[in-house]
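Undergrad: What follows is a single structure, and I will ask about it in a moment.
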Amino acid sequence: MVSLAKDPKYLQMAEKFRNDILSGVYQQGSRLPSDEAIANAYGINKRTVAAGMAQLVAEGLISRTPGRGSIVVRQKIVARHTNAVVCASHSGGDVYGNMETEIIGQALKRGFYPIWVPPTLFNAGITNRPDSKQFYQFMEHAINNMPYGMVVFGERFIPYDMLERNLAKIGKLVFICNYVNTKDLPAKYVLIDYDAAAQKVVSHFRKKGHRKMTFLGSPVKTIDKFQLKPPQYHYHLALKKACLEQGLEYDEEIPFQTWNAVLPQEIFRSLPGKKITAAALSSDSSLNCLYERDCKITIRVPEDLSVIGFYDTYGEARPITSFNIREREIATIAMEMLFEENSETKKIYIEPDLIDRGSVLKQ
């Protein structure tokens, strides 16, 4: 057994293989020993091995693919040219503004400088607007300037393929809030726990005596044509599952009507006939602004409909039951992951807190 004399062990292990690669012991295209073999040789666990291998991936020396193992892709370390951190995320507002402030502050105190994707470009990218090309150009330019790392809000239109092709240039990669790619990238993840949120919503409605609920999300249009489903879709599935487990009836036609931009007047008009008395929202702001751009109206929720918002964007100014998604905690953990203060954790889920202010919004 080979012993590692110093901590952290994963860096010692990475150094050994880095030297072997750079000295030619392992040639480009050759395969490194399996994680299990390395763990046995070093007397360490496979999570520590994976952390060490992630270092070599970030340096551009190896690639890791399930089923193929660790393959040497080059024999020259990709240098880090900047101490910038690229942030591809929502910014501004009560929720995202808190997250943005936390990320900026924690980066600056470590001597790193956050570069934020301009909100107009980011929103163009995640909504697939005609000007979304500029968002992808910005992302490509930011990557080619070789930042220390990236913090990415994992929406469906994030260019996952671009990130995967350029992992060595990016350095360290952390996804926050959502992740809707078809496969996991070698990154860190701080994600909102949709299953836990759905369980809290359904439990709340059940205790209030409701028997049937639905989900009112923001319009995403022709969802069935998207290869990657939006976060709202995963929340919808979690709500459906929670209702089944807790004995509530769930109407799954309404979400698809809202996603495909059926006029909200028609949707609300249909609720009494369907005996729906409760609804989860994609955010509390969806009550009066998400449809305004397309429909030029303001939604007024019927007095007999109880609602729970996913983002507490208005705080106490809007007295409905809503979620605190613990955005500052998400940002803090993401930055700890980025700077490897929390190197053993790859993926964690944050369970949002339900803020019960009264779930009926009066006219």
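Taken together, the values in this text are just the output of simple stated rules run on the coordinates, not laboratory data. From a predicted model like this one, the values you see are computed outputs, not experimental measurements. Heads up, the Cβs are rebuilt from the backbone with ideal geometry, glycines too, and the neighbour counts pull from every protein chain shown.
Undergrad: Which of Phe205, Phe256 comes first, and how do the rest follow, when ranked by fewest Cβ neighbours within 10 Å?
TA: Working: Phe205 26, Phe256 15.
Fewest-to-most Cβ neighbours within 10 Å comes out as Phe256, Phe205.
Undergrad: Report, to two decimal places, the Cα Rg of region 9-72 normalised by 2.2 N^0.38 Å (N = number of residues). Display every interim value, and only then the final one.
TA: Values: Rg = 10.5 Å, N = 64, 2.2 N^0.38 = 10.7 Å.
Relative to the rule-of-thumb radius for its length, region 9-72 sits at 0.98.
Undergrad: Okay, moving on. Report the extension gain between Asp94 and Gln134 in nm, rounded to one decimal, defined as 0.36 nm multiplied by the number of residues separating them, less their alpha carbon distance. Intermediate values should be presented prior to the final figure.
TA: Numbers: separation 40, 0.36 × 40 = 14.40 nm, distance 2.64 nm.
Net length gain for the segment: 11.8 nm.
Undergrad: Would you mind computing Rg(Cα) / (2.2 N^0.38 Å) for region 166-233, counting N as its residues? Before the final figure, lay out each step's value.
TA: Working: Rg = 16.6 Å, N = 68, 2.2 N^0.38 = 10.9 Å.
After normalising by residue count via 2.2 N^0.38 Å, the value is 1.52.
Undergrad: Would you mind computing, in nm to one decimal, how far apart the modelled labels at Ile115 and Lys207 are, each placed 7 Å from Cα along Cα→Cβ?
TA: 4.8
Undergrad: For the pair Lys16 and Tyr349, how long in nm is the line joining their label points, each one 7 Å along Cα→Cβ?
TA: Those two pseudo-labels are separated by 3.6 nm.
Undergrad: Using a simple spin-label model with points 7 Å from Cα along the Cα→Cβ vector, what separation in nm is obtained for Met162 and Asp356?
TA: 4.5
Undergrad: If R₀ is 22 angstrom, what is the calculated FRET efficiency for the pair Asn260 and Lys229, using the beta carbon separation as r and rounding to 0.05? Walk me through the numbers before you get to the answer.
TA: Details: r = 14 Å, r/R0 = 0.63.
For Asn260 and Lys229, the calculated efficiency is 0.95.
Undergrad: Suppose R0 equals 35 Å; then what is the FRET efficiency for Asp193 and Thr65 from their Cβ-Cβ distance, rounded to the nearest 0.05? Intermediate values should be presented prior to the final figure.
TA: Numbers: r = 28 Å, r/R0 = 0.80.
Working from the Cβ atoms, E equals 0.80.
Undergrad: Sort the following peptides by mean Cβ neighbour count (other Cβ atoms within 10 Å, averaged over residues), highest first: 173-184, 46-57.
TA: Details: 173-184: 19.4, 46-57: 21.2.
The most tightly packed comes first, giving 46-57, 173-184.
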